[in-house]
1. Report the rotationally averaged projected area of segment A:227-309 based on its alpha-carbon convex hull, in square nanometres.
2. Which residues in segment B:128-166 place their backbone N less than 15 Å from a point set 7 Å from the Cα of B:LEU80 along the Cα-to-Cβ direction?
3. Taking only protein heavy atoms and a 1.4 Å probe, what accessible area per residue, in Å², does the protein assembly as shown have with all protein chains in place?
4. Residues of segment B:41-77 losing 20 Å² or more of accessible area relative to the isolated chain, 1.4 Å probe, heavy atoms only?
5. Given an 8 Å cut-off on Cα distances and at least 6 residues of separation, report the relative contact order of segment B:150-289 as a percent.
6. What shape does segment B:156-215 have by the C-alpha gyration tensor, where a ≥ b ≥ c are the square roots of the eigenvalues, rounded means a/c under 1.5, and otherwise prolate means a/b greater than b/c and oblate the rest?
7. Once the Cβ-Cβ distance between A:GLU247 and A:SER30 is put in as r, and R0 is 35 Å, what FRET efficiency do you end up with, to the nearest 0.05?
8. Which of A:LYS314, A:LYS304, A:LYS13 moves most in a GNM of chain A, Cα contacts under 10 Å?
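The values are calculated or read from the model by the stated rules, or taken from the named source; none is laboratory data. Just so you know, these numbers come straight off a predicted model, no measurement behind them. Every residue, glycine as well, gets a Cβ built from its backbone with ideal geometry; the counts of neighbours run over all protein chains shown. Surface accessibility is based on the protein's heavy atoms, side chains included, excluding ligands, DNA and RNA. Shrake-Rupley method; radii C 1.70, N 1.55, O 1.52, S 1.80 Å.
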Amino acid sequence: MSDEVILQVKDLKTYFTVDEGVVKAVDGVSFELHRGETLGIVGESGSGKSVTNLSIINLIPMPPGKIAGGQVLFHGKDMLTMSPNEIREIRGNKISMIFQDPMTSLNPFLRISTQMVETIVLHQGLSKEESKTKAIEMLKLAGIPAPEKRIDQYPHQFSGGMRQRVMIAMGLSCNPEILIADEPTSALDVTIQAQILELMQELTRRLGTAVILITHSLGVVAGMCNTICVMYAGRIVERGRTEEIFESPRHPYTMGLIRSVPRLDQETRGRLYSIPGQPPNVIDLPDCCPFYPRCDKVMDICKKKYPPTVPFEKEQSAACWLYAKEAQNA
Amino acid sequence: MPDHEILLDVRGLKMHFPIRTGFFSKAKNFIYAVDGVDFQVRKGETLGLVGESGCGKSTTARAIAQLYKPTAGEVYLNNLDLTKANGQELLAARKNMQMVFQDPYASLNPRMTAGDIIAEPIRIFKKNGLMEASKDEIDDRVEQLMEKVGLSRFFKNRYPHEFSGGQRQRIGIARALALNPELILCDEPVSALDVSIQSQILNLFRDLQDEFGLTYLFIAHDLSVIKYISTRVAVMYLGLIVEIADAGDLYKNPLHPYTEALLSAAPIPDPKIEAKRHRIILTGDVPSPDKQRPGCNFYDRCPKHMDICKKVRPALKETEPGHQVSCFLYHKPE
Ligand SMILES: Nc1ncnc2c1ncn2[C@@H]1O[C@H](COP(=O)(O)OP(=O)(O)OP(=O)(O)O)[C@@H](O)[C@H]1O
Ligand SMILES: Nc1ncnc2c1ncn2[C@@H]1O[C@H](COP(=O)(O)OP(=O)(O)OP(=O)(O)O)[C@@H](O)[C@H]1O
Ligand code: SF4
Ligand SMILES: [Mg+2]
Ligand SMILES: [Mg+2]
């Protein structure tokens with residue numbers, strides 16, 4: 001991972017208008033991604049992980065969605081104000097995305113070869129033959145046996161794990177600078193998951209790709225990511241280097257999350273720690289700490305104002321009143 | 001082990017699903033979803049069942065519950081063979097055996113209120129003359145059950161869509177408890193839930209077991225969850241059980257190469273440990289259950305396979321006290 005920032009998300013806000021009101025799915029998210037970095041995004045279901053990343057590559061359905069504010073700077077240029085042509089130039093080429101369900105992004109009626117060659121021709125200006133050679137090479141890297149034979153098959157002729165590998169091969173075939181992977185392995189089995197994660201790590205090491213990895217598995221982020229963002233109710237509530245987050249989590253939600261998973265490498269006797277209550281309803285959230293109804297350290301101020309983001313050593317920071325000086329003064 | 005009372009005894013259970021190959025072809029093919037499993041569940045314990053997606057865990061549970069008619073084998077619940085029981089006997093046996101399902105969204109009838117869903121098993125029993133209960137008694141019981149699983153009784157008249165995933169799973173658990181069963185077959189009851197809700201529900205299962213002396217067959221694919229909840233663990237691969245042992249023993253001393261790979265591949269939420277771990281990366285894909293193999297089902301992916309493994313199917317045998325494994329590394333073929 002280098003110091004060069006290639007993607008900068010600044011105060012991103014993505015809202016959806018639904019019958020019941022406005023869903024502030026992403027409400028002021030900011031982060032930076034460096035060349036070669038693997039950034040993990042974790043958080044409760046509905047906390048805005050997918051919407052954040054769909055906003056980055058301009059794939060939010062509008063309506064009902066709307067980018068209500070912010071900037072997404074890719075090499076300093078705001079993707080939110082680019083023309084559709086400029087975006088298409090970047091998407092699938094410089095930034096590619098692996099979706100949770102491979103079937104949603106593979107066309108079931110087209111051979112894998114057709115789909116891959118098309119993308120490579122379009123984005124890299126190679127000839128058809130050159131593109132096919134490149135596609136086969138990527139499938140091989142992705143661990144598909146006999147790729148020169150299998151490349152002419154249709155998606156349904158592959159197993160779930162192999163389709164996921166095809167997606168990864170496609171995602172990486174244009175040497176993207178950024179790979180966004182939304183739960184790339186959660187539909188897979190542990191043993192296949194290990195294969196795929198190993199492969200992603202290997203490829204990103206070799207090609208220097210930066211990765212945004214969305215997952216609900218704390219185990220996966222612990223093994224894969226340099227840095228972590230923890231999302232709750234549309235905002236990043238804590239971020240930091242992976243070791244910092246696991247060693248000294250600051251936000252009560254992060255602390256709870258880490259404590260509530262049973263561990264394979266430890267004996268857990270008696271009851272598990274658990275965060276009480278339910279995930280928040282993100283429709284018409286009041287401007288307070290969205291975690292306060294479930295927080296065991298809640299104070300008066302938490303119910304009145306959204307907490308400021310407080311920096312700690314190195315790169316860690318957390319949005320929580322426990323650490324904000326003003327809490328005492330308020 | 002005579003000191004353990006056996007509640008559920010599964011013997012040679014097979015569940016083969018017929019599939020048609022072509023529209024006009026008569027020749028039948030089969031999915032050998034469960035292909036001969038033997039295990040016992042002791043009174044008061046939790047037997048965890050783990051394995052890859054598609055290995056036959058749900059099918060095993062459904063065949064035990066007689067939601068499917070097993071192709072072969074016997075299922076004894078308190079010494080009654082359910083596969084041979086008649087309709088009335090089966091209904092009576094249901095009192096002792098209930099199921100909780102994976103998907104808290106699909107498993108509850110959207111047009112019934114939470115209260116009616118929980119009361120349904122009682123009403124069915126009453127209708128069939130197996131139980132007497134007045135309307136007030138049923139109401140009281142529903143409220144008592146809701147409280148037990150951590151739902152406010154004021155939610156009684158709400159519909160499933162008005163509840164969160166975790167709350168719906170609580171409704172499913174309350175329904176399973178309604179008839180005071182001895183055994184609950186739990187099919188991935190926490191897999192669809194967020195991490196923060198998962199631990200609430202796992203605690204609930206433990207508390208209810210302590211309070212009512214319940215016995216669980218607990219299916220999950222998350223090895224840490226299985227480790228936490230189980231007394232003993234059975235590992236399944238492609239329609240067969242490959243290893244059974246006490247939970248502590250299995251995790252410390254896995255014998256079957258598949259169990260070993262599974263344990264080594266499960267991610268651990270600690271970056272320091274992850275950085276140093278050695279993973280056994282299996283090659284190849286999960287094979288499909290549409291054919292029976294003469295040898296070990298794990299042969300193609302097994303890093304330790306031998307010649308014999310391709311030819312003969314290893315039986316599940318006890319190699320150490322309380323530890324059964326089906327692998328020729330540990331016992332010779334008959
Ligand atoms: N097309 C849409 N219309 C209306 N609301 C939407 C739409 N897409 C997303 N949302 C809402 O935005 C919020 C954030 O959703 P998002 O998909 O980003 O969650 P997530 O963190 O990815 O969750 P998961 O872990 O379940 O994938 C949710 O409340 C969701 O219901
Ligand atoms: N009703 C059915 N008809 C035909 N095949 C079936 C049927 N039910 C299950 N199968 C097949 O039997 C095999 C075992 O399925 P099962 O649902 O028992 O697996 P599982 O271990 O529960 O997997 P998961 O972890 O994905 O829930 C699979 O190949 C599945 O496709
Ligand atoms: S701001 Fe308050 S309620 Fe929110 S996490 Fe911090 S202490 Fe808890
Ligand atoms: Mg998502
Ligand atoms: Mg299942």
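1. Numbers: hull surface 25.6 nm².
Spelled out: convex hull of the Cα atoms, projected over all directions, averaged, 6.4 nm².
2. Under 15 Å, as judged by backbone N against the label point of B:LEU80, lie B:128-131 of segment B:128-166.
3. Numbers: 29410 Å² over 664 residues.
Per residue, the protein assembly as shown has 44 Å² of solvent-accessible surface.
4. SASA drop of 20 Å² or more in segment B:41-77: B:GLU52, B:SER53.
5. Numbers: 115 pairs, mean separation 21.3, N = 140.
Reported relative contact order: 15 percent.
6. Verdict is oblate for segment B:156-215.
7. Details: r = 24 Å, r/R0 = 0.68.
Here the calculated transfer efficiency is 0.90.
8. Taking springs between Cα atoms under 10 Å, the residue moving most is A:LYS314.
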